Amino acid sequence: MPELPEVQTIVTVLNEKIAGYKIKKVETLGPFQVFPSRETFRQELEGTIITQIQRVAKNIVFNLDSNNYLVIHLAMTGQILFQKTGEPKPTHTRVVFTITKNDKKIDLNYLDTRMFGKVELLTEKEFQALTAKYGPEPLDKTLTPEHFLKSLQTKKTTIKNILLDQSVIAGVGNIYATDALFMAGINPKTSTKELTLKAATKLLAALRAILTESIEHRGSTLSDKMYVDPFGRHGKHQHYFRVYGKRICAICNGEVVYEKVNGRGTYFCPKCQ
């Protein structure tokens, strides 16, 4: 599932290339369901202008001049790809947005192999309700270590599990939680109630470092090749993982352990963490 760096990379490309474009035509293909309904979705979107694209947690948000919001969550296998209008659609294309600006006309395709993603049109009130669901992001400069620790300790669970809870900390997923915990020297099975301010400070710094680094590398593309930017380009951060997917610890040369923590596959070094 794309995490904060991957979604941010997509949003940056979209903002650079299609902000100011008008949505000329909307097509929903196959059984994929859009919200609130296909007819309302099409009627409300066609003729609107995309004023800006932003990221909210792992959501891609298109701000529209109608004061509505087109929100796309890629989930596990979602992709957003540019394509010349009129060309045959790639397999698993679910929604096609034909967009125009001056004499330019392109298709913005939403693809989703497993159809776990969401494509929905929200009103201002609904959008505010969506944003309220998420906790602060690690890259938020106003997030202090003290506030970060307090947020983590709102629930008694493992530190790895709480980092994946979007209502507590937004934007972090399995890959970056795993590597940040390694960088901070924290065992993923550590209880949130056992976390100290010193450890939380190191973890917040590690999250900020790994997320910033991955954004610079344009995200991570795993062996399934599912994550690409709108031009179909892979990310490069997979070449810089600290412990995720590793067998040998880069610090002590000991064996990296892989096991399920709260149902999620987790890599860690029992000696260094």
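The values are calculated or read from the model by the stated rules, or taken from the named source; none is laboratory data. Bear in mind the structure is a predicted one, so any value in this text is a computation, not a measurement. Positions of Cβ are generated from backbone atoms using ideal geometry, with glycine treated the same way; all protein chains shown enter the neighbour counts. Accessible surface areas use protein heavy atoms only, side chains included; no ligands, DNA or RNA. Shrake-Rupley method; radii C 1.70, N 1.55, O 1.52, S 1.80 Å.
Just a few scattered comments:
- Those strands (runs of 3 or more DSSP E) of the stretch 89-150 in which 1 or more residues are surrounded by fewer than 20 Cβ atoms within 10 Å (Cβ to Cβ) and out of contact with any strand residue (DSSP E or B) (no Cβ under 9 Å at 6 or more places or on another chain) occupy 104-112.
Each row is one residue, and each column tells you yes or no for (1) in contact with a Cys (Cβ under 8 Å, 6 or more places away or on another chain); (2) over 23 Å from C269 (Cβ atoms); (3) open to solvent by less than 70 Å² (accessible area, probe 1.4 Å).
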site	(1), (2), (3)
A184	no, no, yes
E194	no, no, no
G219	no, yes, yes
K225	no, yes, no
H234	no, yes, no
H237	no, no, yes
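- Scanning the stretch 177-189 for residues that are of a type outside the set (F, W, Y) and either under 22 Å from I72 (Cβ atoms) or in contact with a Gly (Cβ under 8 Å, 6 or more places away or on another chain) (or both) turns up nothing.
- Tabulated pairs, the stretch 234-247, first under 18 Å from Q8 (Cα atoms), second of a type in the set (K, R), C-beta under 9 angstrom, 6+ apart or interchain: H234/R218; H234/K225; G235/R218; K236/R218; H237/R218
- Within the stretch 66-80, tally of residues that are open to solvent by 70 Å² or more (accessible area, probe 1.4 Å) and either over 24 Å from A132 (Cβ atoms) or part of a strand (DSSP E or B) (or both): 1
- Flag if Q83 is assigned to a strand (DSSP E or B) and open to solvent by less than 50 Å² (accessible area, probe 1.4 Å): yes
- Within the stretch 220-273, tally of residues that are assigned to a loop (DSSP other than H, G, I, E, B) and over 23 Å from the mean Cα position of the chain (by Cα): 13
- Each residue in the stretch 43-62 was checked for being open to solvent by 50 Å² or more (accessible area, probe 1.4 Å) and touching a Lys or Arg at 6+ places or on another chain (Cβ under 9 Å), and 2 pass.
- Counting the residues of the stretch 10-30 that are at pLDDT 95 or above, outside any helix (DSSP H, G or I) and touching a Lys or Arg at 6+ places or on another chain (Cβ under 9 Å) gives 9.
- Residue check for H73: touching a strand residue (DSSP E or B) at 6+ places or on another chain (Cβ under 6 Å) and at positive phi: no
- Hits in the stretch 239-273 (condition: open to solvent by 90 Å² or more (accessible area, probe 1.4 Å) and among the polar types (S, T, N, Q)): N253
- So G171, is it small (G, A, S), surrounded by 17 or more Cβ atoms within 10 Å (Cβ to Cβ) and part of a loop (DSSP other than H, G, I, E, B): yes
- Residue match in the stretch 33-42 (condition: within 30 Å of N174 (Cβ to Cβ) and touching a residue at least 40 places away in the same chain (Cβ under 8 Å)): yes
- Candidate set: the stretch 1-24, residues that are touching a residue at least 40 places away in the same chain (Cβ under 8 Å) and open to solvent by 60 Å² or more (accessible area, probe 1.4 Å); chosen: the one nearest to D165 (Cα to Cα): M1
- Selection of the stretch 25-42 for residues being surrounded by 15 or more Cβ atoms within 10 Å (Cβ to Cβ) and out of contact with any helix residue (DSSP H, G or I) (no Cβ under 6 Å at 6 or more places or on another chain) yields K25, E27, F32, R38, F41, R42.
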